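Novice: Can you read through this structure? Questions will come right after.
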Amino acid sequence: MIHLEKINRNNWREATFVTTDPNHKCPLDEEWIASAAFSIVQSVYEPEWESRLIMDDDTIIGFAFYGMWEKKNAPLFCRYMIDIDHQGKGYGQAALPVIVDEMMKQYKTNKIYLTLENANVRAVHIYTKFGFIPTGENDEGEDIYVYEKTE
């Protein structure tokens, strides 16, 4: 079952090596987002940000990073990656609702923002298929998207 797990003293080393690099050569240099390692350090020194492992039972399959965005006074889903060894298995679409639901519960909201580069067509496809829509705004060179749960 897919779930999120906090980074802790027992799993932080494995978490730093979650990567999208097909060669596993440099997990500190991701193509589209900041690395898991950078994100973990950021969440230690900026505690408003959360680093989470994405797990399938006991297997690490990815990484998520999110927190409160002062600019919108709302949660921002910043970084999301499925490890290269687990891509193409449907985890990207399967884990997204788990992360969004967790964020909505944690922040007691029905609205979540994210930013991404439109050149990252795989990410744009996954997010828009889920229901994120572009706001027409831009932040630090990335387009802003929003998801609102209606019920």
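Novice: Return the lysines within reach of Lys129: Cα separation strictly under 28 angstrom, same-chain partners fewer than 8 residues apart disregarded; answer none if there are no such residues.
Specialist: Lys6, Lys71, Lys72, Lys89, Lys105, Lys108, Lys111, Lys149
Novice: Now a separate question. When only Cα pairs under 8 Å and 6 or more residues apart are kept, what is the percent relative contact order across the chain?
Specialist: 18 percent
Novice: Report, for the chain, the % of DSSP beta bridges that are antiparallel, rounded to 5.
Specialist: Of the beta bridges lying entirely in the chain, close to 95 percent run antiparallel.
Novice: Let me ask something additional. From a point 7 Å beyond the Cα of Glu117 in the direction of its Cβ, which residues of the stretch 85-106 have a backbone N at a distance under 13 Å?
Specialist: Nothing falls inside the zone, counting backbone N under 13 Å.
Novice: Another question, then. Angle between the Cα long axis of helix 91-107 and the longest principal axis of the chain, 0 to 90 degrees, nearest 10?
Specialist: Its long axis makes an angle of about 60 degrees.
Novice: Per residue, what accessible area does the chain have, given a 1.4 Å probe and all protein chains present, in Å²?
Specialist: 57 Å²
Novice: Tell me the angle of helix 121-130 to the major Cα principal axis of the chain, expressed in degrees between 0 and 90 and rounded to the nearest ten.
Specialist: That helix lies at roughly 60 degrees to the long axis.
Novice: Sticking with this one: Using the Cα atoms of the stretch 77-142, I'd like the radius of gyration and the largest Cα-Cα distance, Dmax, both in angstrom.
Specialist: 12.4, 34
Novice: Another one. At a Förster radius of 22 Å, what calculated FRET efficiency corresponds to the Cβ-Cβ distance of Glu5 and Thr135, to the nearest 0.05?
Specialist: 0.10
Novice: For the chain, what does -39500 (n - 2.57) per DSSP helix run (n ≥ 4), summed and divided by total residues, give at 222 nm, in deg cm²/dmol to the nearest 500?
Specialist: Rounded to the nearest 500, it is -8500 deg cm²/dmol.
Novice: Which loop-located trypsin sites (Lys or Arg not before Pro) does the stretch 64-151 contain, where loop means any DSSP state but H, G, I, E or B and the Cβ has at most 12 other Cβ atoms within 10 Å?
Specialist: Lys71, Lys89, Lys108, Lys149
Novice: A follow-up question, please. What three numbers, in Å, describe the spread of the alpha carbons of the stretch 42-116 along their principal axes, ordered from the longest?
Specialist: 35, 27, 23
Novice: For the peptides 95-102, 135-142, 63-70, 9-16, what is the packing order when you average, over each peptide's residues, the other Cβ atoms within 10 Å and list the highest mean first?
Specialist: For the peptides 95-102, 135-142, 63-70, 9-16, the packing ranking is 63-70, 95-102, 9-16, 135-142.
Novice: Here are labelled values, (1) 43, 31, 26; (2) 42, 36, 29; (3) 36, 30, 29, and one is the computed Cα extents along the principal axes in Å for what I pasted. Which one?
Specialist: It is the one labelled (3).
Novice: Right, here's the next one. So if the hydrodynamic radius of the stretch 104-151 is defined as the Kirkwood radius over C-alpha pairs, what does Stokes-Einstein give as its diffusion coefficient at 25 °C and 0.890 mPa s, in µm² per second?
Specialist: Rounded to a whole number, D works out at 218 µm²/s.
Novice: I'd like the carbon and sulfur percentage of the solvent accessible area for the chain, probe radius 1.4 Å, heavy atoms only, ligands and nucleic acids excluded.
Specialist: Carbon plus sulfur share of accessible area: 49 percent.
The values are calculated or read from the model by the stated rules, or taken from the named source; none is laboratory data. Small disclaimer: the values here were computed from a predicted structure and weren't measured. Cβ coordinates were reconstructed from backbone atoms using ideal geometry, including for glycine residues, and neighbour counts include every protein chain displayed. Ligands, DNA and RNA are excluded from the accessible area calculation, which covers all protein heavy atoms including side chains. Shrake-Rupley method; radii C 1.70, N 1.55, O 1.52, S 1.80 Å.
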